[in-house]
Amino acid sequence: MKVAPNSPATIQRLREISGYLQKEELTRQQVAFAQQKFNDGMALYNAKKFAEAEPLFAEALHINPSFDDAANYLKLAQQEQQRVDQERAVKKQTTRVASTGTVVPPHPMPVTTTTTMHTTAGGDGGHQVTAAPVQFNVYFPSPFTDGTISVKIGSQEVVHEPIWELTRFLKRKGTRTINITRDIAAVNADIVISVVGPGFNEYHQIPRVNLQPGSSHRLVISANAETKKFDYSLN
């Protein structure tokens, strides 16, 4: 039985097929556009431009609501920008203390502020001096192409970073070397390292590390991609 090409049923069916193909093409374009926005956001994120990366991740998620990476990195960018703002506030407060010699209570925030010590001169009391911060470096040449690393010393979060980055040319996930130095307050506390990704969930604790004012330390982390075994060195 032949189908009449100009029959109402045939025309309606062709319209339905055309509409489906147009919708499918639009969906592909939206996914590609969302991916481009995400890639642009990752470039800014890796350049530590967290405030500029946030709206790109948000736009990618708006275009493609099921884009999990965009949702995750939007949250990370917001957290990192909050940390940057807090560190700036602490530095501003520290500069004020150093220039005036007057200790002004800092605003409550989760990062540790610069502390003060008392020294005495003769027998007529003491004067306040600002304690030098500790310089702490975390080095981790990641062999993984997905996941995040977190390093905390007491209540101070030193590192919270993705352990992968987009390759320059193919825009695929590649390995990343973490090499980050932070100024933190002197402390005697546990160092807690967490590295989480597909197929591994590493947790390691270095107990009661005494970090003196003005000192410098380096935490080196290494890992085997096949065995998922981690090693640690602190100096």
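Points to keep in mind about this one:
- Filter result for residue 157 (surrounded by 15 or more Cβ atoms within 10 Å (Cβ to Cβ) and closer than 24 Å to residue 50 by Cα): yes
- Matching residues, the range 218-232, being in contact (Cβ under 8 Å) with a residue 60 or more places away in the chain, of a type outside the set (Gly, Ala, Ser) and part of a strand (DSSP E or B): 218, 219, 220, 221
- Test: residue in the range 74-88 that is modelled with pLDDT under 60, touching a Pro at 6+ places or on another chain (Cβ under 8 Å) and surrounded by 14 or more Cβ atoms within 10 Å (Cβ to Cβ): no
- Spans of strands (runs of 3 or more DSSP E) in the range 127-217 with at least 1 residues outside the structural domain of residue 74 (by TED's automatic domain parsing) and among the polar types (S, T, N, Q): 134-141, 148-153, 156-162, 173-175, 177-184, 187-197, 200-211
- Any hit, the range 198-215, residues being in contact (Cβ under 8 Å) with a residue 60 or more places away in the chain, surrounded by fewer than 16 Cβ atoms within 10 Å (Cβ to Cβ) and in contact with a helix residue (DSSP H, G or I) (Cβ under 7 Å, 6 or more places away or on another chain): no
- The residues on offer are 112, 95, 116, and the sole one that is at pLDDT below 80 and within 22 Å of the chain's Cα centre (by Cα) is 112.
The values are calculated or read from the model by the stated rules, or taken from the named source; none is laboratory data. If you're wondering where the values come from, they're calculated on a predicted model, not measured in any experiment. Cβ sites come from the backbone with ideal geometry, for glycine too, and all protein chains shown count toward neighbours.
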